[in-house]
Amino acid sequence: QKDGFRFFMEKEIYEQSDVVSDCMLERVKDETTSFDEINDSILDGINEIKICACGTSYHAGITSSYLFERLSKIKCNVEIASEFRYKQPLLTKDTLFIVISQSGETADTLEVLKMAKKAGLKTLVICNVDNSSMTRLAHYSILTRAGIEKGVASTKAFSTQTVTLWMLALYFANVKKSISNEVMQKELTALREVPNALKIEDKIHEKTRRLSKRYLHGHGFFFIGRDVFYPLALEGALKLKEISYLHAEGYPAGEMKHGPIALADPELFTIALMPQNLLYDKVKSNVEELSARDSTICSISSLDFELSDDFVKIQETNHYMLEFFEMLVVVQLLSMEISIRLGNDVDMPRNLAKSVTVE
Ligand code: M6R
């Protein structure tokens with residue numbers, strides 16, 4: 001049931017605060033994070049992490065690669081499952097092979113999991129569906145506890161995947177003693193605040209509704225960000241594409257000057273993810289370059305930015321991951337409001353299926 005919401009997607013965006021609390025239940029402890037599903041021996045003989053996934057799950061994977069390297073100090077790279085499958089990849093046994101999937105049934109992700117298992121690697125799936133093909137196959141499974149997701153556009157699956165992977169990065173950091181107690185405490189404090197960061201203020205939703213009036217006329221959209229805000233930019237662009245059918249690209253902010261900035265004009269809308277706690281000045285200078293070339297700028301930030309044409313102000317926090325989740329809600333709502341205004345079927349966008357079980 002939609003419980004008074006217009007679409008399942010809207011209901012699922014609003015559910016994120018609660019499902020993320022469920023996801024963290026019994027997993028965030030005083031000194032570290034822990035999971036019933038795994039133990040410290042999972043890292044025995046492991047020097048590297050390889051992540052494979054598709055779509056939104058792939059974006060959660062890229063986000064986590066920054067956290068695995070920064071916090072767990074384990075080399076980590078991420079690949080799209082359909083690419084990885086046919087590249088004749090080198091699989092070495094010192095690699096922990098992680099797949100991420102909401103459904104646990106995506107054909108390409110399932111195949112790479114089979115490949116890795118056959119090659120003798122330790123495999124772990126981050127999944128929302130218990131007893132799915134992937135949870136049955138992998139050596140270890142961690143469930144994201146998002147509940148059933150009905151909207152084709154993934155929302156709460158992404159936030160729970162990201163939180164699970166952040167908790168996992170901290171769990172590995174504790175096993176490897178790769179961060180100080182002080183840093184661990186700071187991370188845990190931030191983690192506990194995620195459900196708050198995902199609570200939606202009326203004025204934020206209202207702002208996205210107002211922006212959607214003009215933005216539905218956009219000729220093209222760039223979502224830009226750095227570090228973990230780059231995969232968030234990819235996710236924002238994917239949401240807009242899949243339910244609004246408007247052309248959108250996610251880009252690393254620092255890459256714009258290497259080509260895409262040539263597209264800048266007033267009909268090109270740039271959604272700039274400008275976190276106060278991470279590389280703010282670097283993103284700011286990238287946005288200034290776009291503004292100087294007349295792109296229409298919508299900044300999402302806790303700090304006012306004088307060159308913005310539009311501004312969505314998020315709450316000030318002291319951790320970039322909290323800004324990440326606040327901004328996530330904004331980009332999800334913005335895509336949904338544009339899609340609604342265009343008269344599209346938000347929950348069942350054209351040409352798409354919830355679960356892609358063919359390659
Ligand atoms: O079930 P999975 O997480 O494996 O699905 C992967 C993608 O098909 C999925 O995330 C897709 O990109 C969503 N429609 C995005 O909203």
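What the table below lists for this structure:
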{"read-out": "Formal net charge of residues neighbouring Tyr215 (Cβ-Cβ distance under 10 Å; K, R +1; D, E -1)", "value": "+2"}
{"read-out": "Prolate/oblate/rounded call for the stretch 197-246, Cα gyration tensor, a/c under 1.5 rounded", "value": "oblate"}
{"read-out": "Check: the chain dipole with +1 on Lys, Arg Cβ and -1 on Asp, Glu Cβ, in debye", "value": "660 debye"}
{"read-out": "Listed residues Pro195, His217, Trp166: farthest to the positive end of the dipole of the chain (Cβ charges)", "value": "Trp166"}
{"read-out": "Taking the chain and dividing mean pair separation by its residue count, relative contact order in percent (alpha carbons under 8 Å, at least six apart)", "value": "19 percent"}
{"read-out": "Euclidean distance of C-alpha centroids, the stretch 14-70 and the stretch 91-122, integer Å", "value": "16 Å"}
{"read-out": "Signed unit charges on C-beta, dipole axis of the chain, positive-most listed residue Ala60, Ser180, Ile338", "value": "Ala60"}
{"read-out": "Tilt relative to the chain, helix 107-118 - C-alpha long axis, 0 to 90 degrees, to 10", "value": "30 degrees"}
{"read-out": "Contact order normalised by residue count of the stretch 109-202, Cα under 8 Å, 6+ apart, percent", "value": "17 percent"}
{"read-out": "Per residue convex hull volume, Cα atoms of the stretch 116-189, in Å³", "value": "113 Å³"}
{"read-out": "Separation in nanometres of the label points that stand 7 Å from Cα toward Cβ, at Tyr86 and Lys282", "value": "3.4 nm"}
{"read-out": "Highest-fluctuation residue, Gly236, Gly45, Gly220 considered, GNM on the chain with Cα pairs under 10 Å", "value": "Gly45"}
{"read-out": "For the stretch 246-346: rounded, prolate or oblate by the Cα gyration tensor [a/c cutoff 1.5]", "value": "oblate"}
{"read-out": "Amide hydrogen neighbours beyond the local backbone of Ser295, cut-off 5 Å, H modeled", "value": "Asp265"}
{"read-out": "Percentage relative contact order, the stretch 47-204, counting C-alpha pairs under 8 Å, at least six apart", "value": "23 percent"}
{"read-out": "Ranked by how many other beta carbons lie within 10 Å on average, peptides 54-61, 288-295, 176-183 from highest", "value": "54-61, 288-295, 176-183"}
{"read-out": "The chain: C-alpha gyration tensor shape, a/c 1.5 cut-off, then a/b vs b/c", "value": "prolate"}
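FYI, it's all coordinate maths here, none of it is from the lab. Only a predicted model underlies this, so the values are computations on that prediction, with no experimental measurement involved. Every residue, glycine as well, gets a Cβ built from its backbone with ideal geometry; the counts of neighbours run over all protein chains shown.
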